[in-house]
Amino acid sequence: MSEASRLFSALKKSNVLNVSLLEDSNPFVYYFLDRWKRQAESLLTLLPTVETKRKPKKTEFHYLDGFGFNASCIDFKDTFYIGFPLSAALRIFDLYIHIVNREKYLKGTLPTGLAKPESYLPFAPLRYDEHTLLNFPRQAPLSGAHLEAAVRLSFLAMAFVLFHELTHLWDGHGRYKQWRERNGRPLTKIEHRSLEWLADRLSISRIMLMYRAGEHAIPLAKAMASALDGQAGEALFQGTIADPRTYVRHVVFTLLIFFWHFDDKIDKYYLDKTHPHHSARGFYFLSELGRVITHWVYEPWAINLNEYMIDLSRPSLLDAMACWDEMVGQSQGTKNMQSVISQPYALRDLKRFESVATSLELDIKNNHLSI
C-alpha cells in the first residue's frame with residue numbers, strides 16, 4: 001500500500017483510486033479524469049514558480065472513492081497530499097455538459113447550433129452511486145466543441161476546489177487548527193468560517209494569477225493549434241481563455257453555478273455553521289474577484305472596478321441566475337442570491353471575516369505554521 005493510500009484510508013476513510021482502470025470500461029470518463037489529473041498536477045507544479053516566495057513541499061494529487069463531494073488535504077512529513085473524490089469530478093462535469101448543451105448562456109463564446117430546446121427536462125444534480133460509471137454521461141455533449149467547452153468550465157470549478165485545498169496546506173490552516181486544539185483553544189465557528197473564507201478568496205486569487213502567468217502563451221498556442229488542426233484547432237481558443245475579460249465573465253458564471261448547485265441558501269441557522277453557506281460563498285467571491293483584478297499585477301488588463309461591476313460581473317450574474325432558474329425550474333439561482341442580500345448577518349460577516357482573518361493570519365505567521 002502506498003503512503004497516500006495508507007494516509008487517506010486512515011485519516012479520511014477513503015481509498016485512492018487508479019483511474020487508468022477505467023480506460024477500457026468507459027473511455028469517455030477516463031479521458032476527462034486523466035486530463036484533469038494532468039491539469040491539476042501541472043497547476044501544482046507551476047504555481048510555486050509564480051509565487052516564488054513560497055517553499056512548498058512536493059504535492060501529490062489523487063482520486064478518492066466514495067459518494068461524497070468534499071475534497072481533502074493531508075500534510076504529512078515531506079509531502080502534501082490532495083484527494084479529489086471521483087464522484088465530485090463527475091458531478092461537476094455532468095453539470096457543465098448540461099449547461100453547454102443548452103446553448104443559451106455565455107453567448108458568443110460557447111458553441112451553438114445543435115440544441116433542441118423543447119427536449120430539455122428540469123435538471124437535478126448527478127447523484128453518484130455504484131452505477132454512475134456505467135451510465136456516464138447522462139447527456140452526451142452535442143459535438144466536440146461542446147465537449148471542449150464543458151471540459152473547460154468544469155476545469156474552472158475544479159481549479160477552485162484544488163486551490164482551496166492547497167490554500168489550507170500552504171497557509172497553515174490545518175496545522176493551526178491542531179495547534180489551537182493542543183493549546184486548549186479550539187477554533188470558534190466564526191474562526192472556522194474565516195479560514196474557509198480565506199481559502200476561497202486565495203483560491204480565486206490563484207486562479208486569476210495562473211491565467212495571468214500563462215496569458216503570454218495563449219497567442220502562440222492558438223497559432224500552433226490553428227496550424228495543426230485548422231479552424232477546429234483555432235476554435236478551441238475562442239471560448240473561455242480568449243482574453244481576460246471573457247475569462248473573468250466565465251469565472252463569474254461558472255463559479256456561481258457551482259455554488260448554487262448545492263442549493264445551500266442562507267437561513268436562520270447560518271451563524272451555527274463552521275463553513276459559510278454556498279450561497280454566501282457565491283456572493284463573497286464576487287467582491288473578492290473585483291479586488292483581485294484591480295490589483296497592480298493585473299494593470300495591463302486595465303479593468304477598473306466600475307467596468308468589473310457593470311460590464312463583467314453584472315451580466316454574468318444575470319446570465320447565471322437565468323440559467324440556474326431555468327435548469328432547476330424553481331428560481332433557485334434567484335432565491336440563492338436573495339437569501340444572502342436579505343440577511344444582514346450574512347453581509348456583516350464580510351467585515352467580520354476581514355478582522356478575524358487578519359488576526360488568524362498573524363497568529364499563524366507568528367507561530368511559523370505556514371510555508
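The values are calculated or read from the model by the stated rules, or taken from the named source; none is laboratory data. Since we're looking at a predicted model, the values are computed, not measured. Heads up, the Cβs are rebuilt from the backbone with ideal geometry, glycines too, and the neighbour counts pull from every protein chain shown.
Going by what's in this entry, would residue 132 be described as free of Cβ contacts under 8 Å to residues at least 40 places away in the same chain and of a type in the set (S, T, N, Q)? Criteria not met by residue 132.
Contact map, the range 288-309: first residue more than 19 Å from residue 198 (Cβ to Cβ), second residue outside any helix (DSSP H, G or I), Cβ cut-off under 6 Å, separation 6 or more or different chains; pairs are 305/294. The set of residues in the range 93-129 that are among the charged types (D, E, K, R) and more than 25 Å from the chain's Cα centre (by Cα) comprises 116, 118. For residue 148, the stated conditions hold: it is not hydrophobic (A, V, I, L, M, F, W, C) and not in a loop (DSSP other than H, G, I, E, B). Look through the range 169-205, keep the residues that are touching a Leu at 6+ places or on another chain (Cβ under 9 Å) and not in a helix (DSSP H, G or I), and return whichever of them is surrounded by the most Cβ atoms within 10 Å (Cβ to Cβ). Looking at residues that are touching a Leu at 6+ places or on another chain (Cβ under 9 Å) and not in a helix (DSSP H, G or I), I get 172. Do we find a residue being surrounded by fewer than 19 Cβ atoms within 10 Å (Cβ to Cβ) and without any contact (Cβ under 8 Å) to a residue 12 or more places away in the chain anywhere in the range 263-277? Yes; the residues of the range 263-277 include at least one that is surrounded by fewer than 19 Cβ atoms within 10 Å (Cβ to Cβ) and without any contact (Cβ under 8 Å) to a residue 12 or more places away in the chain. Can you find a residue that is over 20 Å from residue 196 (Cβ atoms), modelled with pLDDT of 90 or more and over 24 Å from the mean Cα position of the chain (by Cα) anywhere in the range 358-366? Among the residues of the range 358-366, at least one is over 20 Å from residue 196 (Cβ atoms), modelled with pLDDT of 90 or more and over 24 Å from the mean Cα position of the chain (by Cα), which makes the answer yes.
The residue of the range 297-333 that is farthest from residue 260 (Cα to Cα), among those that are surrounded by 13 or more Cβ atoms within 10 Å (Cβ to Cβ) and among the acidic types (Asp, Glu), is 307.
Residue-by-condition table, conditions (1) farther than 30 Å from residue 110 by Cα; (2) of a type in the set (S, T, N, Q); (3) touching a strand residue (DSSP E or B) at 6+ places or on another chain (Cβ under 9 Å); (4) modelled with pLDDT under 95:
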| site | (1), (2), (3), (4) |
| --- | --- |
| 272 | yes, no, no, yes |
| 278 | no, no, no, yes |
| 283 | no, no, no, yes |
| 309 | no, no, no, no |
| 329 | no, no, no, yes |
| 332 | no, yes, no, yes |
| 340 | no, no, no, yes |
| 351 | yes, no, no, yes |
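Within the range 1-56, the set of residues being over 30 Å from residue 148 (Cα atoms), surrounded by 15 or more Cβ atoms within 10 Å (Cβ to Cβ) and of a type in the set (A, V, I, L, M, F, W, C) comprises 4, 7, 8. When you look at residue 166, is it more than 25 Å from residue 99 (Cα to Cα), in contact with a Cys (Cβ under 8 Å, 6 or more places away or on another chain) and modelled with pLDDT of 95 or more, yes or no? Taking the combined requirement at face value, the residue satisfies it.
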